[in-house]
Ligand SMILES: [Zn+2]
């Protein structure tokens, strides 16, 4: 018995029904979505997407980190992405704590995390503006690429587009 037996068993069933796909690794709908690791979010389902349609990048808080930028560059130039949606959500754990809080909580469990930056989100609107600007201002991505932000409501399933900035390219 391993901690993963349930998953391997489920996969055996899945693979029996799996039809050999003709999909490639390119994003068929030209979309990349940056969203949170929150387990309530079904990115494909809530956006009417299917496997093969989009690149889904997830981390705590849906933050545009260096690694997300690196991945977007690959997605855009190599894998067919031509638009990016940054999608944080309501009731996000990252908006309820500060980095100091996290360090204190982990410290209680005997771990010193002070060398890690958690990118917690004290102000979700401000963080989203900042993250959209990071994508729009990086020299590594096309200036005219559509980039949007929207907050997903985990209780209603509704997506609310963030107000566009005067400087929005598209
Ligand atoms: Zn979250």
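The values are calculated or read from the model by the stated rules, or taken from the named source; none is laboratory data. Not measured: the values here are computed from a predicted model. Note that we place each Cβ from the backbone using ideal geometry, even for glycine, and neighbour counts take in every protein chain shown.
Structure notes:
- Verdict on residue 58 being in a loop (DSSP other than H, G, I, E, B) and either more than 15 Å from the chain's Cα centre (by Cα) or within 16 Å of the ligand (Cβ to nearest atom) (or both): no
- Selection within region 25-41 - in a strand (DSSP E or B) and either surrounded by fewer than 17 Cβ atoms within 10 Å (Cβ to Cβ) or within 16 Å of the ligand (Cβ to nearest atom) (or both): 33, 34, 35, 36
- Filtered residue count, region 93-105, keeping only those that are surrounded by 14 or more Cβ atoms within 10 Å (Cβ to Cβ) and away from the ligand (no atom under 16 Å from the Cβ): 1
- Set 129, 114: member being without any contact (Cβ under 8 Å) to a residue 12 or more places away in the chain and surrounded by 11 or more Cβ atoms within 10 Å (Cβ to Cβ): 114
- Residue within region 106-116 that is in a loop (DSSP other than H, G, I, E, B) and within 15 Å of the ligand (Cβ to nearest atom) present: no
- Filtering region 142-153 for residues that are at pLDDT 95 or above, under 17 Å from residue 30 (Cα atoms) and within 15 Å of the ligand (Cβ to nearest atom) leaves a non-empty set.
Every residue, every condition in (1) touching a residue at least 24 places away in the same chain (Cβ under 8 Å); (2) assigned to a strand (DSSP E or B); (3) within 14 Å of the ligand (Cβ to nearest atom); (4) more than 16 Å from residue 129 (Cβ to Cβ), yes or no:
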residue	(1), (2), (3), (4)
70	no, no, no, yes
75	yes, no, no, yes
80	yes, no, no, yes
91	yes, no, yes, yes
